[in-house]
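I have placed the structure first, in the form of C-alpha cells, so that the comments after it can refer back to it.
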Amino acid sequence: MKTSSEKYTARSATSVIVANMIGTGVFASLGFQLVDIQSGFVILMLWAVAGLTALCGALSYAELGSAMPRGGGEYHFLSKIYHPMVGFVTGWVSATIGFAAPVAVVAILFAGYFTSVYDIINDQLLAVGLIVTITAIHITNHKSSGGFHQLMTLFKLLVIFAFIGSALFLVDNPQDISFMPSIADKDIVFSGSFAVALIFANYAYMGWNSATYLSSEIENPSKNLPKILLTGTLIVAILYVILNFVFLYVAPISEMVGVKEIGYVAAQHIFGEKGAAIMGISLSIVLISSVSAMTMAGPRAFHAIGQDYTVFSKLAKTNQHNIPVNAIILQSALSILFVLTSSFEFILVFAGFTLGVSNFATVLGVLVLRKTQPELKRPYRTWLYPLTPILYLCLMGWTLVYIIKDKPDEALMSLGVIVLGIIMYLISSALSKRSA
C-alpha cells in the first residue's frame with residue numbers, strides 16, 4: 001500500500017488542474033477570436049460560456065472519479081462504461097493528442113515569448129530543452145515532482161495577479177471599447193463565428209479533467225477528487241474572464257488580431273518596452289508549469305494501457321517511487337516530435353476537436369452509468385443532475401458540429417486518429433491474448 005508520502009496531496013492535484021489549464025490558450029487564443037469577433041461583451045461572454053462548459057464537465061467527471069478512483073482518466077472511465085475498445089481509443093487520443101501535442105504547443109509558445117525578448121537561441125532547441133528538463137524532474141519521485149510543480153504554479157498565479165493589478169492601476173488611457181451588450185451582439189452570440197471562436201476558448205479550458213489521470217496517486221481520491229476538480233476549474237474560469245478583459249482594456253484590437261503572443265502585446269501598453277521585456281520573460285516562465293502539469297498527468301493514460309495490455313507492458317513499469325518513468329519518457333518523446341513537425345494554430349483546432357469528442361463521450365457516460373449501474377457506490381453525485389451533464393453535452397456538441405462544418409480538415413484528421421486507435425486496439429488485443 002502506498003503511504004501518504006508516495007501520493008500527491010489535494011493541493012498538488014489542484015495545482016495540476018490550474019497549471020494545466022492556464023497555459024497556451026489564454027495567452028494565445030484572443031488573437032484568433034478577434035479575427036471575426038471584435039465586441040468586448042461578446043468576447044467576455046465567449047470565455048464565460050466556455051467556463052460554464054468546463055465547470056459542468058468537472059461536476060460530471062467528479063462523480064465518475066469518486067465512483068471509479070483509478071488513474072488513467074477517460075481511458076479507465078470509458079472502458080468500464082462502454083467497452084474496453086472505447087476506453088483504449090480514448091486513452092490513445094488522450095495520451096497522444098490530449099497531452100503530447102499541447103505540451104509541444106506550450107513549449108513553442110514558451111520559446112516564442114523568450115525569444116521575443118532575447119533572440120539568442122533557436123526556438124525549437126529552446127522548446128525541446130524545456131521538455132527534456134521537465135521530464136527529468138518528473139521521473140524522480142512524488143515529493144520532488146509535486147514540490148516543483150506547486151512552486152511553478154504559485155509563480156504563475158503571482159505573475160498573473162501582478163499583470164492584472166498593473167493593468168488596472170497603471171494604465172491611464174484604456175482602450176475605447178464597450179463591455180456592455182448591444183443589439184448587434186445577439187446575432188454574433190448565436191452565429192457560426194461565435195461557435196468557431198468557442199473552439200479556442202474551450203481549448204484554453206482543456207485540462208479541467210487532468211486530476212482524474214492521477215486518481216490512484218491522490219490521497220483519499222473519493223473524497224478529495226470532486227473538491228479538486230471544482231476548485232481548480234472555478235479559479236481558472238474567473239481568471240480567464242478577468243485576463244481577457246485586461247487584454248482588451250489595455251491594447252488596441254488592431255495590434256492583437258491574429259497574434260499569438262497576446263500577453264507581450266498587452267505588456268507593452270502597460271509597462272513600455274523595457275517593462276514588457278521583463279513581463280515577456282515572466283510569461284515564458286509561467287508556461288513552464290503548464291508543461292509540468294501535462295507531463296505529470298498525461299503519461300498516466302499510457303501507464304494504465306500498459307497495465308491492461310501485455311503488448312504495452314513496458315509502459316506499466318514504475319521506479320522505486322511508483323513513478324511511471326517509461327510512460328513519461330514516451331509522452332515527452334512524442335511532444336518533441338510535435339515541436340519539430342507541427343504548426344501552432346492547426347494543433348489548437350485539431351486537439352480541441354479531438355479532446356472535445358473524448359470529453360463528450362465521457363460526460364455522456366454519467367447518464368449511461370446512472371441507467372446501467374444505479375447501485376454503484378457514488379461518494380459524490382453530480383450537482384443539479386441531469387441538468388449539468390446535459391448542458392455540457394449541448395454546449396460541447398454545438399461547438400463540435402461547427403468545427404466539422406467550418407474546419408473539416410482538422411475534423412477529418414481527428415477521425416483518422418480515432419480510426420488508428422481502433423486498429424491499434426484490435427492488434428493489441430490479439431497479441432495480448434496470444435501471449436497470455
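The values are calculated or read from the model by the stated rules, or taken from the named source; none is laboratory data. A quick note: this is a predicted structure, and the numbers were derived from the prediction, not measured. When we count neighbours, we look across all protein chains shown, and the Cβ atoms used for this are built from the backbone with ideal geometry, even at glycine.
Scan the helices (runs of 4 or more DSSP H) fully inside segment 187-265 and keep the ones with 2 or more residues being surrounded by fewer than 22 Cβ atoms within 10 Å (Cβ to Cβ), among the charged types (D, E, K, R) and over 15 Å from the mean Cα position of the chain (by Cα).
So the answer is 221-250.
Flag: ALA54 does not match the condition of being within 19 Å of the chain's Cα centre (by Cα), surrounded by fewer than 21 Cβ atoms within 10 Å (Cβ to Cβ) and closer than 30 Å to HIS303 by Cα. In this structure, ALA13 does not satisfy being in contact with a Lys or Arg (Cβ under 8 Å, 6 or more places away or on another chain), modelled with pLDDT under 80, surrounded by 24 or more Cβ atoms within 10 Å (Cβ to Cβ) and assigned to a helix (DSSP H, G or I). Here ARG378 fits the description: in contact (Cβ under 8 Å) with a residue 60 or more places away in the chain, among the charged types (D, E, K, R) and either buried (at least 17 other Cβ atoms within 10 Å of the Cβ) or assigned to a helix (DSSP H, G or I) (or both). Scanning segment 417-429 for residues that are over 29 Å from ALA48 (Cα atoms), polar (S, T, N, Q) and either surrounded by 15 or more Cβ atoms within 10 Å (Cβ to Cβ) or in contact (Cβ under 8 Å) with a residue 24 or more places away in the chain (or both) turns up at least one hit. Looking across segment 112-129 at every residue that is small (Gly, Ala, Ser) and touching a residue at least 24 places away in the same chain (Cβ under 8 Å), the one that is farthest from PHE302 (Cα to Cα) is identified as SER116. Kindly provide the set of residues from segment 266-304 that are over 23 Å from LEU154 (Cβ atoms), at pLDDT 80 or above and either of a type outside the set (Gly, Ala, Ser) or outside any helix (DSSP H, G or I) (or both), ordered by number. Correct list: GLN268, HIS269, PRO299, HIS303. Being assigned to a loop (DSSP other than H, G, I, E, B), within 29 Å of PHE148 (Cβ to Cβ), modelled with pLDDT under 80 and not β-branched (Val, Ile, Thr), is that true of even one residue in segment 90-101? The answer is no; no qualifying residue exists. Would you mind stating whether GLY397 is surrounded by 22 or more Cβ atoms within 10 Å (Cβ to Cβ), over 17 Å from the mean Cα position of the chain (by Cα) and small (Gly, Ala, Ser)? Considered against the rule, which asks whether it is surrounded by 22 or more Cβ atoms within 10 Å (Cβ to Cβ), over 17 Å from the mean Cα position of the chain (by Cα) and small (Gly, Ala, Ser), GLY397 comes out as no.
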